[in-house]
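The values are calculated or read from the model by the stated rules, or taken from the named source; none is laboratory data. What you are looking at is a predicted structure, and each value in this text was computed from that prediction instead of being measured. Here the Cβ is made from the backbone with ideal geometry for all residues, glycine too, and neighbour counts use every protein chain on show. SASA here: full protein model, heavy atoms, side chains in, ligands and nucleic acids out. Shrake-Rupley method; radii C 1.70, N 1.55, O 1.52, S 1.80 Å.
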Amino acid sequence: MLFRFLTTIVVCIMAHCAMASTVLVEKHFPSELTLGQQNLTLSGIGVHQFLLMRIYRAGIYLKARADTADAILTSPSPIRARLVMMHSVSAAHFVLVLRDGLVANTTQEEVDSRYREIVRFFEMMEKLDHLDEGDLVDLDFVDGQTSIRMNGKTIASHLGDRVFYNLILRIWFGEDPISRKLKRSLLKPIGKK
């Protein structure tokens, strides 16, 4: 009897968490959005997790769905990479993880040739100070330029061209992404397990 009661409670909690997750996805990850006067489609969505902690949910918006990293990196602009925080973190820690992902997926020559843009990008990210649960960060490439938006407000624009934007995308879509599980999820058709 006690086992059945506890099982019922666990199932109810899991159902509540699944409903909350669905609300988050529908609210922050609409199936379509407009960027630079062009319609984009949610191509993939996934969760970045560290140990058992869910850090952020990520989505990629493209003109047409893509199921390979190469297709994403060569997709015509505009493009939006959206991150929705599921756990509060300091901007300094967040930048450290992103920087590690960038370094793991770029050559020294690429870093040297884009050094100023990379430094400026991470300086702008660090200015966010703290990322709280529910914060929304958009990394956009539109009209030939990279920009950062937080909770709908532009934080930085004109950060770099498409080559630079691809360096940033390779944090998640490179050969050594910050999370292989997240990369696989972002490349899966929406709704497939």
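What the table shows:
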| quantity | calculated |
| --- | --- |
| At q = 0.13, 0.15, 0.19 Å⁻¹, base-10 log of I(q)/I(0) for segment 77-185 (Debye sum, equal scatterers on each alpha carbon) | -0.44, -0.60, -1.02 |
| Under 5 Å, built H, 5+ apart or other chain: amide partners of Q49 | I55 |
| Accessible surface, segment 142-193, averaged per residue in Å² (probe 1.4 Å) | 52 |
| Inter-label distance for D70 and K153, nm, one decimal - labels placed 7 Å from Cα along Cα-to-Cβ | 4.2 |
| Long pairs among K63/K127; K127/K183; K153/K181; K27/K63, criterion Cα-Cα beyond 24 Å | K63/K127; K127/K183; K153/K181 |
| C-alpha center-to-center spacing [segment 66-95, segment 124-193] in angstrom | 3 |
| Taking N as its residue count, the alpha carbon Rg of segment 124-175 over 2.2 N^0.38 Å | 1.17 |
| Probe 1.4 Å, accessible area per residue of segment 23-140, Å² | 51 |
| D161 - accessible surface, heavy atoms, 1.4 Å probe, Å² rounded to 10 | 60 |
| Spread of Cα-to-Cα distances over 10 Å intervals beginning at zero, given as percent, for segment 25-123 | 13, 35, 40, 11, 0 |
| Solvent-accessible area, 1.4 Å probe, carbon plus sulfur percent, for segment 79-193 | 49 |
